[in-house]
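Read-outs: derived from the displayed coordinates by stated rules, not from any lab. None of the values given here were measured: they were computed from a predicted structure. Methodologically, a virtual Cβ is constructed for each residue, glycine included, from the backbone with ideal geometry; neighbour enumeration extends over all protein chains shown.
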Amino acid sequence: MDATPTPVSEDALTTRILPRPRDEALEARALSEGLTPLQARVLAGRLSGHAGELAPLVSPSLRHLAHPERLKDARPAAERIAQAVVEGEHIGILTDYDVDGITSHVVIRRTLNELFGVPEDRLHSLIGHRIHDGYGISLPLVERTLKLSPRPSLVITADCGSSDEPRIARLKAAGIDVVVSDHHALPVEGPPASAFATVNPTRDDCDYPDPTIAGCMVAWLTMSLARSVLIEWGVLSAATPKLSPWLSYVALGTVADCVSLGGSAANRAVVTQGLALINRMEAACWRTMAERLGADSVPFDAETLAFQMGPRINARSRLDDPYAALHFMLAADDATAARHLETLDQDNQSRKAIEADMAEQARALARPQLADDAPALVVYLEDGHPGVQGIVASRLVQAFGRPTLVLTPAAQAGMLTGSGRSIEALHLRDALQRTFELAPEALPRFGGHRGAAGVGVPVESLEAFRAAFLQAVSEQLGDIELFPKVFTDGELAPAQLSLATLDELEALGPYGREFDPPLFEGEFLVESLRPVGAEGNHLMMELSAGPVSTRAIWFRALTPGEVPAFGVGDRLHCAYKLNRNRWRGRESLQLMVEHAAPVR
């Protein structure tokens, strides 16, 4: 008789609302530099141990950007690009298919064409298909490049290439120089030996002060230096416009790729400047998106980029080829942009439906692993869609508080492909590096960051991979207790539930990864509630604290058909954000509830 798995304890799966640890010394320093008590509290919860100046983070400015020359290999990369411009070479632009890759592609292509004068017919866009080609400089992309006629003599990559030495060697053997611009961690053997140049701020020998910049920012810096080289050579006039307008794309790629917005002055500066450019609504892509979201969506903020723009662009590459996303970003007029946006929107709706089904299956497969108190979850969905793995992994991390890898069959026979998301305490790529050391045959391909990563695993090695990965995670986490948690910035007084408080908090923006939007906690009386949304799974509420009554919305509070566990007159312990609700030109405060539980 099979042993019955131990039920997962409710305590292990109950989300806990916890106070965010705060750096008291930094809080005192912030107060002394003129920040308000609330702003100082928020900073102290996000910049623990930060010893540098606060001004570049609190007041982001492009003057804090380091010169691109400080990027190792940037000078030879820029000179090779400039040479290709001067000599009329055909140039391939090879980028990843996600938002960072697409925005990088736009930066490189628009710079070459509009600023450097390279005709369109000499530029070749090379973007892999997530499912058929895979990530990076894949073999199918190499074959496609070699079949081009005329064949490019230079390929510029962005947001990929650091781990693709065998494919780069193939291109080099065919007489094609490859300039790699990327931001992903390099393999232990270092930069690809066959690349003409590898511009990557994570290189050990790189002097650039901020290794957390996104791939689109590396591309922007490289192309900016190429402009300087062409001016030095007398090819371009010194009056040639700078690449500053393209920071709108860099802002989108930076936010969507979830790179750090914490201690990174560079990332904070480009997102701040990029949002200012976006909100001028000078490009068709921004205008049509604003029209789609409604007049009350403007001005865009970092959350608009993260939760509206980013998912639509990513959805295309998750489900189909990514070129509609590129055409949307490059559209010269509103009608063209609107046509491509309709495609992106439809894909995004399809992605949501696939995601919901896969998340339900994944939760069921995760529970036996939770019963075994596994430190991480490895879920294999035999019929899952590879384009939605990362989103489903994120959902499991939120639900169970454990690092998660979601795998599905790969296009290559006998292989699985997977995406992982991590918790704050675990560096996911380091854990995968250790997994590779423990079982190299079970992990022939992997890459990523601290918080997110991708893997390739042979089907026959799945259990060996799982065992090695769990060991690697255990070694890094030790005896840390794992459970879903929500960290808050403490309580607000009823009088602080106002738009003035939101203004005070927004002055510290932009918010994003490692600089989370402020989240507060408190007890409220439920004055009214009603399910809303097509499936009735969101809750619209009126909550009161003392004399102050505020409208609140809790997205995905219920599963479809579920009845709330509380009602009018009950008290709720809530974790919530302050939100600006715009309706017909009028603004009011709204609470965005992240988690709530009845007070018993």
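Tabulated data for the structure shown
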quantity	calculated
Surrounding net charge for residue 70, when Lys and Arg each add one and Asp and Glu each subtract one, Cβ distance under 12 Å	-2
Ordering of 480-486, 197-203, 149-155 by burial proxy (mean other Cβ atoms within 10 Å per residue, highest first)	197-203, 149-155, 480-486
Relative contact order (percent, whole number), the chain, Cα cutoff 8 Å, 6+ residue spacing	13
At 0.692 mPa s and 37 °C, Stokes D of segment 187-248 from Kirkwood alpha-carbon radius, µm² per second	242
Mean Cβ count within 10 Å, highest first, over the residues of peptides 510-522, 88-100	88-100, 510-522
Cα centroid separation - segment 521-552 against segment 365-427, whole Å	33
Whole-angstrom Cα spans of segment 316-371 along principal axes, big to small	55, 14, 13
Principal axis dimensions, segment 370-459 - Cα atoms, whole angstrom, descending	33, 29, 25
When the convex hull of its Cα atoms is projected in every direction, mean area for the chain (nm²)	28.7
For the chain, calculated [θ]222 nm from helices alone, where every DSSP H run of n ≥ 4 adds -39500 (n - 2.57)	-11500 deg cm²/dmol
At R0 = 45 Å, FRET efficiency that the Cβ-Cβ distance of residue 413 and residue 59 yields, to 0.05	0.25
Whole-number percent relative contact order across segment 372-483, with pairs defined as alpha carbons under 8 Å at least 6 apart	25
Percent RCO, i.e. relative contact order, over segment 73-239, from Cα pairs under 8 Å lying at least 6 residues apart	27
Dipole of the chain, positive direction: furthest Cα of 270, 370, 21, with charges on the beta-carbon	270
Electrostatic dipole magnitude of the chain [Cβ: Lys, Arg +1; Asp, Glu -1; Cα centre; debye, to 20]	940
Peptides ranked, highest mean first, by Cβ atoms within 10 Å: ranges 273-283, 450-460	450-460, 273-283
Cα→Cβ-extended label distance, 7 Å offset, between residue 527 and residue 205, nm	6.6
Segment 489-503 and segment 315-346: distance between their alpha carbon centers, rounded to Å	39
More than 20 Å apart - percent of Cα-Cα pairs taken over segment 53-148	54
Alpha-carbon centroids, segment 153-192 and segment 72-104: separation in whole Å	12
Cα gyration tensor shape of segment 129-260, rounded if a/c is under 1.5, else prolate or oblate by comparing a/b with b/c	oblate
Size of electric dipole in segment 372-483: Cβ of Lys, Arg +1 and of Asp, Glu -1, about Cα centre, debye, nearest 20	440
Formal net charge of residues neighbouring residue 61 (Cβ-Cβ distance under 15 Å; K, R +1; D, E -1)	0
